[in-house]
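I have placed the structure first, in the form of structure tokens, so that the comments after it can refer back to it.
The values are calculated or read from the model by the stated rules, or taken from the named source; none is laboratory data. From a predicted model like this one, the values you see are computed outputs, not experimental measurements. Surface accessibility is based on the protein's heavy atoms, side chains included, excluding ligands, DNA and RNA. Shrake-Rupley method; radii C 1.70, N 1.55, O 1.52, S 1.80 Å.
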Amino acid sequence: VVYRVRLPDTYPMHPYEVEAIIGHRLLGRKTGNRRQFLVRWAGYGPADDSWISEYDLRNAPEVKLEYL
């Protein structure tokens, strides 16, 4: 059994802050042509960069605008 909970946008998802977007990629048709962004987390180095979905960046519009 799987449950999906919709949390308010103001809910702190994690204690990490996106410092910058340093890349992007498009996933294939099987995943709905979704975009992912390679992000650098504030206070962390390149070894900790990670791919996150465009949806997960919804609370960081200014960082996304700087990149695009």
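Per-residue 3J(HN,Hα) values for segment 19-26, derived from phi via the Karplus relation 6.51 cos²θ - 1.76 cosθ + 1.60 with θ = phi - 60°, read 8, 6, 9, 10, x, 8, 8, 9 Hz in sequence order (x marks Gly and Pro). One quarter of the convex hull surface built on the alpha carbon atoms of segment 18-67 amounts to 3.5 nm², the projected area averaged over directions. Using a probe radius of 1.4 angstrom, the carbon and sulfur fraction of the accessible surface of segment 18-67 is 51%.
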